[in-house]
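K.L.:
Quick one: the structure is below, questions incoming.
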Amino acid sequence: MSDVKLSAIAPMQNKVGAFLSNPVCKRVLIDYEVDLDLRNIIDNQKVLLVNLSKGIIGEDASSLLGAILLHSIGLAAFSRADILESERKPFFLYADEFQNFSTLSIVNLLSELRKFKLGVILC
């Protein structure tokens, strides 16, 4: 690999490496034992509680995992396009400390979820 490519990749490898050195991030992103079926949770109106306390897992891990989870829930809601709108069951997402997980792509995603019967309560 050329020096230019290595110098471009190195900062990303450092950041990814830092997240994966966190045992919680590693367990959630790599070493998971059970898939989290967000679409099933939404369609069957189940409850999912996730504790992303900065004091327990750290600020960076909390922000990363929160952003990934919110984005994944949004994508799961979009996948409900295969159900007639009249047959979609409402589902509500409550996100406390939302500002810690917010990204521009998540804000844009959330603005379109109403038609998929996903209600969002942000605190």
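K.L.:
Condition first: of a type in the set (A, V, I, L, M), free of Cβ contacts under 8 Å to residues at least 40 places away in the same chain and under 14 Å from Asn22 (Cβ atoms). Now tell me which residues in region 46-72 satisfy that.
P.N.:
Ile56, Ile57, Ile68
K.L.:
Among the residues of region 73-111, how many are under 18 Å from Ile121 (Cβ atoms), in contact (Cβ under 8 Å) with a residue 24 or more places away in the chain, open to solvent by 40 Å² or more (accessible area, probe 1.4 Å) and out of contact with any strand residue (DSSP E or B) (no Cβ under 8 Å at 6 or more places or on another chain)?
P.N.:
5
K.L.:
May I ask you to verify whether Leu52 is in a loop (DSSP other than H, G, I, E, B) and touching a helix residue (DSSP H, G or I) at 6+ places or on another chain (Cβ under 6 Å)? Break it down into steps so the answer makes sense when it comes.
P.N.:
Working: in a loop (DSSP other than H, G, I, E, B): yes; touching a helix residue (DSSP H, G or I) at 6+ places or on another chain (Cβ under 6 Å): yes.
Here the answer is yes, as Leu52 does meet what is asked.
K.L.:
Moving on to the next point. Kindly provide the set of residues from region 55-72 that are surrounded by fewer than 18 Cβ atoms within 10 Å (Cβ to Cβ), more than 16 Å from Ile106 (Cβ to Cβ) and within 16 Å of the chain's Cα centre (by Cα), ordered by number.
P.N.:
Glu59, Asp60 - these are the residues of region 55-72 that are surrounded by fewer than 18 Cβ atoms within 10 Å (Cβ to Cβ), more than 16 Å from Ile106 (Cβ to Cβ) and within 16 Å of the chain's Cα centre (by Cα).
K.L.:
For Ala18, only one of the following conditions fails: (1) over 14 Å from the mean Cα position of the chain (by Cα); (2) at pLDDT below 90; (3) not in a helix (DSSP H, G or I). What is its number?
P.N.:
(3)
K.L.:
Here is a follow-up. Just to be sure, is Leu38 at pLDDT below 90, open to solvent by less than 80 Å² (accessible area, probe 1.4 Å), farther than 19 Å from Cys123 by Cβ and of a type in the set (A, V, I, L, M)? Working first, answer last.
P.N.:
Values: at pLDDT below 90: no; open to solvent by less than 80 Å² (accessible area, probe 1.4 Å): yes; farther than 19 Å from Cys123 by Cβ: yes; of a type in the set (A, V, I, L, M): yes.
No.
K.L.:
Let me ask another. Find all pairs meeting these conditions: Cβ atoms under 7 angstrom apart; at least six residues apart or on different chains; first residue within region 25-42 and assigned to a loop (DSSP other than H, G, I, E, B); second residue open to solvent by 80 Å² or more (accessible area, probe 1.4 Å).
P.N.:
none
K.L.:
Given the criterion of a type outside the set (S, T, N, Q) and on the phi > 0 side of the Ramachandran plot, identify the matching residue among Glu97, Glu87.
P.N.:
Numbers: Glu87 fails: on the phi > 0 side of the Ramachandran plot.
When all the criteria are applied, what remains is Glu97.
K.L.:
Let me ask something else about it. Among the residues of region 73-113, which ones are of a type in the set (Ser, Thr, Tyr) and under 16 Å from Lys46 (Cα atoms)?
P.N.:
Initial filter on region 73-113 (of a type in the set (Ser, Thr, Tyr)): 79, 86, 94, 102-103, 105, 111.
The one that is of a type in the set (Ser, Thr, Tyr) and under 16 Å from Lys46 (Cα atoms): Tyr94.
The values are calculated or read from the model by the stated rules, or taken from the named source; none is laboratory data. Just so you know, these numbers come straight off a predicted model, no measurement behind them. Every residue, glycine among them, receives a Cβ derived from its backbone with ideal geometry; neighbour counts consider all protein chains shown. Accessible surface areas use protein heavy atoms only, side chains included; no ligands, DNA or RNA. Shrake-Rupley method; radii C 1.70, N 1.55, O 1.52, S 1.80 Å.
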